[in-house]
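Comments concern the structure below.
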Amino acid sequence: LDKWDRLDRSGRDQAVGRFQSNGAPLTSSPHEQAAEFDEPDFEAKTSTGFTVIPEFSHMARARPVEAGERIFRRAYNYQGPPVGDELSESGLIFVSYQADVERQFVPIQRRLDELDLLNEWTTPIGSAVFALPPGCAEGGFIGDTLLT
C-alpha cells in the first residue's frame, strides 16, 4: 500500500467510490451526515456530466449487475510492521459467501479485472474456495438437510 498512501484523499475516494473518512458512498449528502450504509446512486452526475461514483471505482465494478450475483461479503484489515523501505505492511482479507461461485463470484471478479482502478494499488496474494454445509433448524444439526 505504499503507493496508495502517497495518493491524495480525493484520489483514494474516487478509486474506491466512497469517502475514506467515513465509508459513505460519494453520492451521500450532506457529507457530515453521510454513513457507510447509505444507498449509493450510481446514476448521479456531476455538474460536468460525469458519474459521481466513477465507473472505474471499486464500488461500481464490484456491485452486482444481475440480481443473482448478490453475495455476502466482509473485509478484515490487518496491519503489520513495515519491511525494509516500505511505508506499511498492511492488507485486507476478503471473505465472501455465495451459493454458486461461477454464477455469483466469477462475474464480479471479471468486472474488477477489466477496469477496477483499485487494482493499481493492490496485489492479490492468495485465494481459496471452501464448501460450507447449510445451516439447520432448531433441534437439527449442521448439514442435516444433506444427510436426511
- prompt: If you scan region 60-110, which residues turn out to be surrounded by 12 or more Cβ atoms within 10 Å (Cβ to Cβ), touching a Leu at 6+ places or on another chain (Cβ under 8 Å) and among the small types (Gly, Ala, Ser)?
  reply: ALA62, SER88, SER90, GLY91
- line: Within region 87-99, the count of residues that are hydrophobic (A, V, I, L, M, F, W, C) and in a loop (DSSP other than H, G, I, E, B) comes to 2
Given (1) at pLDDT 85 or above; (2) under 19 Å from TRP4 (Cβ atoms); (3) acidic (Asp, Glu), index of the condition GLU89 fails: (1)
field: Residue, modelled with the highest pLDDT, within region 111-148, restricted to residues that are surrounded by 13 or more Cβ atoms within 10 Å (Cβ to Cβ) and charged (D, E, K, R)
entry: ARG111
- line: Scanning region 100-121 residue by residue, those part of a loop (DSSP other than H, G, I, E, B) and either more than 30 Å from ILE53 (Cβ to Cβ) or in contact (Cβ under 8 Å) with a residue 40 or more places away in the chain (or both) turn out to be ASP116, TRP121
field: Residue that is nearest to ARG63 (Cα to Cα) [pool: residues in region 2-20 that are within 16 Å of the chain's Cα centre (by Cα) and assigned to a loop (DSSP other than H, G, I, E, B)]
entry: GLY17
task: With respect to VAL83, determine if the residue is closer than 24 Å to PHE37 by Cα and outside any helix (DSSP H, G or I).
output: no
- request: State the number of residues belonging to region 30-42 that are under 15 Å from ALA60 (Cβ atoms) and exposed (fewer than 15 other Cβ atoms within 10 Å of the Cβ).
  value: 1
- request: Scan region 94-121 for residues that are among the charged types (D, E, K, R) and over 20 Å from ARG12 (Cα atoms) and jot them down.
  value: ASP100, GLU102, ARG103, ARG110
- prompt: If you check THR27, THR48, which single one turns out to be in a loop (DSSP other than H, G, I, E, B), out of contact with any helix residue (DSSP H, G or I) (no Cβ under 7 Å at 6 or more places or on another chain) and either among the acidic types (Asp, Glu) or surrounded by 18 or more Cβ atoms within 10 Å (Cβ to Cβ) (or both)?
  reply: THR27
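The values are calculated or read from the model by the stated rules, or taken from the named source; none is laboratory data. Keep in mind that what you see is a predicted model, and the values were worked out from it rather than measured. Quick reminder, even Gly has a Cβ in these numbers, built from the backbone with ideal geometry, and neighbours come from all protein chains shown.
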